[in-house]
Amino acid sequence: MPPLHAASLEDIRRYARGALHAADAMELTPTPLAAVEAAVGLLPAEQLFLAGADVPPGIAAIAAKLMKKVMGGLAYREKRVYLNTAELAVPRRRFVHGHELGHQVLPWQEQAYYADDENTLSPETRDAMEWEANAFSAELLFGLDRFTTMADSYAPGLAVPLHLSSQFQTSAHAAIRRYVATSHHRIALLTLGRFTRRVSRGPYLPLMADQCAESAAFAERFGSITDLAALPLVLTEHPAIAAAGRVASTSLLEDNDDLVIETKRGMTTFQTQAFHNGRLNFVLLYQKGRFSGQRLRAA
């Protein structure tokens, strides 16, 4: 995440709350983006490539400089969002739509043209304004704290965000990261690449540090998950990670092996669950405990 010069996350949440309130959408799931769009003074979104020659020159000029295919844009004079619907599944399209609404709503970003590709839309972006628009989209789509309140009513498990992702119409990836980062439970997320690398001790799956997360309660008790997993988790030494690497695409492994790693409280044992979304391996860490909520299981 880049340093936030113009805004803090609380500022972004405040403007997202204002947009939801203006659209009478504070309690609606999934967030009705068309209603938010109208409430912030924009015309209905158009399909980018159907617009053809009618795409505003301001968007076209920026798009020509992008490294990858344009996924969306905002034309502030024309008061319209443009979306590459042909390239985007519904969850991704909703995220891009929310991102463009962020460019419109955040006052320090308004009155400009924007065009966005996979680089600017990535959680790994180093552009502060694009990170802010990404954060705004997440707050909008997850209804500020509504997703977290619903998720924390269940005992920890990856079935929780996977179940809620369909209700909120977000990607599984986004729901898992949101779940872990905002939960009041002591949980953490290891996000690992698909293809093994090797050190002298054996093969391991590379850590995608920018895609990892931990709850505040986990960080306080055990430390940052990226610090705890800074050294390669060699597969022969960590059966839980090896099993995660074998999970089939879009499959959930709920009864995985335990993972033992050193934390600021010494060697610590965590229960794990694993999910593979077709690109990345996600490993949830949590500990046995008394949880008042229902435990969801995969269907």
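Coordinate-derived values only; no laboratory data. Only a predicted model underlies this, so the values are computations on that prediction, with no experimental measurement involved. When we count neighbours, we look across all protein chains shown, and the Cβ atoms used for this are built from the backbone with ideal geometry, even at glycine.
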*Going from the alpha-carbon gyration tensor of region 9-141, what semi-axes, largest first and in whole Å, does one get by taking the root of 5 times each eigenvalue?*
21, 16, 14
*Round to the nearest 0.05 the FRET efficiency obtained for R17 and M67 when R0 = 30 Å and r is the Cβ-Cβ distance.*
0.35
*Computed over the Cα atoms of region 128-182, what is the convex hull's projected area averaged over all directions, in nm²?*
3.5 nm²
*Under 27 Å Cα-Cα from K65, which lysines qualify once same-chain neighbours fewer than 8 residues away are excluded?*
K79
*Over region 153-299, what is the percentage of antiparallel beta bridges among all DSSP beta bridges, to the nearest 5?*
95 percent
*Report, ordered by chain and residue number, the lysines lying within cross-link reach of K288, taken as a straight Cα distance under 20 Å and ignoring same-chain residues fewer than 8 apart.*
K264
*Fewest first, what order do Y204, Y179 take by the number of other Cβ atoms within 10 Å?*
Y204, Y179
*Among S166, S171, S200, rank each residue by its count of other Cβ atoms within 10 Å, from fewest to most, as a rough exposure measure.*
S200, S166, S171
*asked:* Translational diffusion coefficient of region 55-202 at 20 °C, 1.002 mPa s, Stokes-Einstein with Kirkwood Rh over Cα pairs, in µm²/s as a whole number.
replied: 128 µm²/s
_Most fluctuating residue given options E254, E118, E220, as computed from a GNM of the chain linking Cα atoms under 10 Å_ = E220
*When W108, W131 are ordered from fewest to most other Cβ atoms inside 10 Å of their Cβ, what list results?*
W108, W131
*Once the Cα gyration tensor of the chain is diagonalised, what are the square roots of 5 times its eigenvalues, in whole Å and ordered largest first, as equivalent ellipsoid semi-axes?*
36, 21, 17
*Relative contact order %, the chain, counting alpha carbon pairs below 8 Å whose residues are six or more apart*: 15 percent
_For the chain, built as a Gaussian network whose Cα springs stay under 10 Å, the top-fluctuating residue of G102, G193, G41_ = G41
